[in-house]
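Have a look at the structure below, then the notes.
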Amino acid sequence: MDMIDFFTRSRFGMFVHFGLYSIPAGVWKGREQGRNHYAEWIRYQALWPDGGAIPDGEYRALASEFNPAAFDADAWAEEIRNAGMKYVVITAKHHDGFALWDSRVSGFNIVKATPFRRDLIRELKEACDRRGIVLGAYYSHWLDWEFPGGGLPLWPEIPEDPPLEQPSDAEFEHYFTAKCLPQVTELLDGYGIRLFWFDNWCKCSLLTEARLEKLIDLVHSRGGIVNSRIGVTWNHSGGDAAGIDYLSMGDNQFPDKAIPRPWETSGTFNESWGYHRLDYRWKTTDFLLKCLISNASRNGNYQLNIGPRADGSIPAPSVRRLREIGAWLAVNGESVYNTACAPQPEPGWGRLTLGKDGALYAHVFENHPACQLVIEAVSAAPRSARILETDQRVPFHHGEGRLTLQMPPESVNSPLNVVKIEF
Ligand code: JFZ
């Protein structure tokens, strides 16, 4: 399978942040973690603003408590499929250095260091394969807070933070060749992972172009693809550099126009990526669906994150939203999957996508008071226009390159309608 072709056609995927940080879930010794509410950062942020990270031994000890007995790979894969997602990228290893598979090069992993002793990546890969879902891996190639020589956080935007002393170049080289490259090789060859999500966003002298090239070549040599966050230089140059297969926006960032190459936004249901027990800032299904549609209309993907609880279950607010989105896609999916940006200017009332067979899909975000929706620059006269969900005919007028849809008044009661326009 051509991975980048698959990626572009898919449009919708899942992100999963799961690891030892799912146990404290944003609260350390009765106190809410400070700073940015990213629960997966608790190792470094637990004691903020007083400074100081969780002592290494205390964090490591979480491994002996990690026992996600409710984890059921088939149940996860069913949610993914029912949500209408075509792929899933999981934190195979996040910044804390803990691996969710049975790594031979680091014992700090789910099989060797926990009472759970099951290979989560293996089980999830098999469950995904059974359903034609592609499993991808988030791999923290730059930051590793466990292995000697791994990179440490840099927050140039927070000047009051004393800069942590980074490992030397030789120490980082040791981490890179003894852990990073071998683990990525394990994911490629031992698990058949071909979709990679790397994560670097600060200029850091340890991530040299030579090292990045090595990592990219390794993934490419097996037919895999990498995102632009693999290196900040390429990330910020707009991803023009050879070697980057798809662009990743900043967290929850949505570009305001089409990008003529594969790209994605990774986004959250609430605010934290890892499960945070005090994060109640849940977004609405309507908002999330508009993010998906809007990205698709601009040639991009949406990768929506869940943070499972430490027991392996998916939080109820995420499950409800996943199912609501899936129900919408079950009816309207042809207007999202395998579509491209339409040549017409984007209307103020919604979004347009172009089907492979030439059909134009009009996504109604806001209803016009007179129920009239105008699409400019439509050269040919349509043959028909119908609401996808109900099959109701939509009267229209075409003239001088302008198409006016006369929406049936009763359709406004049903938000996020899609009109399929055929020529
Ligand atoms: C990173 C991680 O540190 C975080 O834990 C999570 O995995 C997220 C998906 O990625 O966080 C970032 C990375 C980049 C930016 C912001 C947060 N950025 O470019 O603005």
Select, from E79, E65, the only residue that is out of contact with any Gly (no Cβ under 7 Å at 6 or more places or on another chain) and under 27 Å from T265 (Cα atoms).
E79
Residue list for the range 30-48, restricted to those being in contact with a Leu (Cβ under 9 Å, 6 or more places away or on another chain) and either surrounded by fewer than 24 Cβ atoms within 10 Å (Cβ to Cβ) or among the small types (G, A, S) (or both)
R31, E32, G34, H37, Y44
Could you look through the range 285-303, keep only residues that are closer than 16 Å to R320 by Cα and either touching a residue at least 24 places away in the same chain (Cβ under 8 Å) or open to solvent by less than 10 Å² (accessible area, probe 1.4 Å) (or both), and pick out the one that is nearest to the ligand (Cβ to nearest atom)?
L288
Taking the residues in the range 126-153 that are aliphatic (A, V, I, L, M), surrounded by 19 or more Cβ atoms within 10 Å (Cβ to Cβ) and under 21 Å from R211 (Cβ atoms) as candidates, determine which candidate is modelled with the lowest pLDDT.
L143
Checking P156 against (1) modelled with pLDDT under 95; (2) open to solvent by less than 40 Å² (accessible area, probe 1.4 Å); (3) not charged (D, E, K, R), which single condition isn't satisfied?
(2)
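Can you tell me which residue is farthest from the ligand (Cβ to nearest atom) among those in the range 190-212 that are aromatic (F, W, Y) and open to solvent by 10 Å² or more (accessible area, probe 1.4 Å)?
The residue in question is Y191.
Identify, from the list G333, G348, the residue that is at pLDDT 95 or above, within 28 Å of the chain's Cα centre (by Cα) and not in a loop (DSSP other than H, G, I, E, B).
Numbers: G348 fails: not in a loop (DSSP other than H, G, I, E, B).
Within the list G333, G348, the selection yields G333.
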The range 12-33, residues that are out of contact with any Gly (no Cβ under 8 Å at 6 or more places or on another chain) and either more than 15 Å from the ligand (Cβ to nearest atom) or more than 23 Å from G267 (Cβ to Cβ) (or both)
L20, I23, P24, V27, W28, K29, G30, R31
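Name the residues in the range 104-123 that are in a loop (DSSP other than H, G, I, E, B) and either surrounded by 24 or more Cβ atoms within 10 Å (Cβ to Cβ) or at pLDDT below 95 (or both), would you? First the steps, then the outcome.
In the first step, residues of the range 104-123 are kept if they are in a loop (DSSP other than H, G, I, E, B); the result is 104-108, 110-119.
Once the filter is applied, which keeps residues that are in a loop (DSSP other than H, G, I, E, B) and either surrounded by 24 or more Cβ atoms within 10 Å (Cβ to Cβ) or at pLDDT below 95 (or both), the range 104-123 yields only I110.
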Quick one: G190 ticks every box in (1) within 30 Å of A127 (Cα to Cα); (2) within 20 Å of the chain's Cα centre (by Cα) except a single one, so which number is it?
(2)
Please specify each residue of the range 1-16 satisfying the condition of being open to solvent by 50 Å² or more (accessible area, probe 1.4 Å) and either in a strand (DSSP E or B) or not hydrophobic (A, V, I, L, M, F, W, C) (or both).
D2, D5, R9
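The values are calculated or read from the model by the stated rules, or taken from the named source; none is laboratory data. Quantities reported herein were computed from a predicted structural model and do not represent experimental measurements. Reconstructed Cβ throughout: ideal geometry from the backbone, glycine too, with neighbour counts over all protein chains shown. The area values use the complete protein model at the heavy-atom level, side chains included, leaving out ligands, DNA and RNA. Shrake-Rupley method; radii C 1.70, N 1.55, O 1.52, S 1.80 Å.
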